[in-house]
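Colleague: Pasting a structure here, questions to come.
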Amino acid sequence: MFWNTFYELCRKNNTYPLTVVKETGIATGSITKWKNGTVPSGATLQKLADYFAVPVDYLLGRENVPVPHDEIAELSACLTAEERRIVADYIRFLISQRKDAGR
């Protein structure tokens with residue numbers, strides 16, 4: 001699951017897995033491990049999530065639609081936890097609408 005999501009993010013961002021791991025300082029041997037089903041550690045997942053601007057949960061297949069977490073993080077200082085959840089849900093909804101419109 002992780003490998004497929006990672007590979008698809010690379011494709012959508014016009015890059016290659018080797019490029020991503022080199023730019024993020026991750027060992028190049030990790031690519032083979034991921035292809036074989038290994039899931040990266042928490043720190044590595046966070047580096048990749050930051051690189052692609054998606055939540056870690058998206059990389060792990062727990063979310064179907066990537067939420068641009070940078071925008072949500074900027075708002076977090078002035079929003080309650082419930083308000084942050086509502087904003088995240090709304091962004092997911094907007095992204096899903098764009099995907100549906102493109103079909």
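Colleague: Do we find a residue being modelled with pLDDT of 90 or more and open to solvent by 60 Å² or more (accessible area, probe 1.4 Å) anywhere in segment 44-60?
Modeller: Within segment 44-60, one or more residues are modelled with pLDDT of 90 or more and open to solvent by 60 Å² or more (accessible area, probe 1.4 Å).
Colleague: Would you confirm, using the coordinates I've provided, whether Arg98 is at pLDDT below 75, open to solvent by 80 Å² or more (accessible area, probe 1.4 Å) and charged (D, E, K, R)?
Modeller: Spelling it out, Arg98 is indeed at pLDDT below 75, open to solvent by 80 Å² or more (accessible area, probe 1.4 Å) and charged (D, E, K, R).
Colleague: Among the residues of segment 62-72 satisfying the criterion of being exposed (fewer than 12 other Cβ atoms within 10 Å of the Cβ) and outside any helix (DSSP H, G or I), which is modelled with the highest pLDDT?
Modeller: Per the stated criteria, the residue is Arg62.
The values are calculated or read from the model by the stated rules, or taken from the named source; none is laboratory data. It should be emphasised that the depicted structure is a prediction, and the values quoted were computed from it without experimental measurement. A quick note on method: Cβ atoms are made from the backbone with ideal geometry, for glycine too, and the neighbour counts reach across all protein chains shown. Remember, those area values only see protein heavy atoms, side chains included, never the ligands or the DNA or RNA. Shrake-Rupley method; radii C 1.70, N 1.55, O 1.52, S 1.80 Å.
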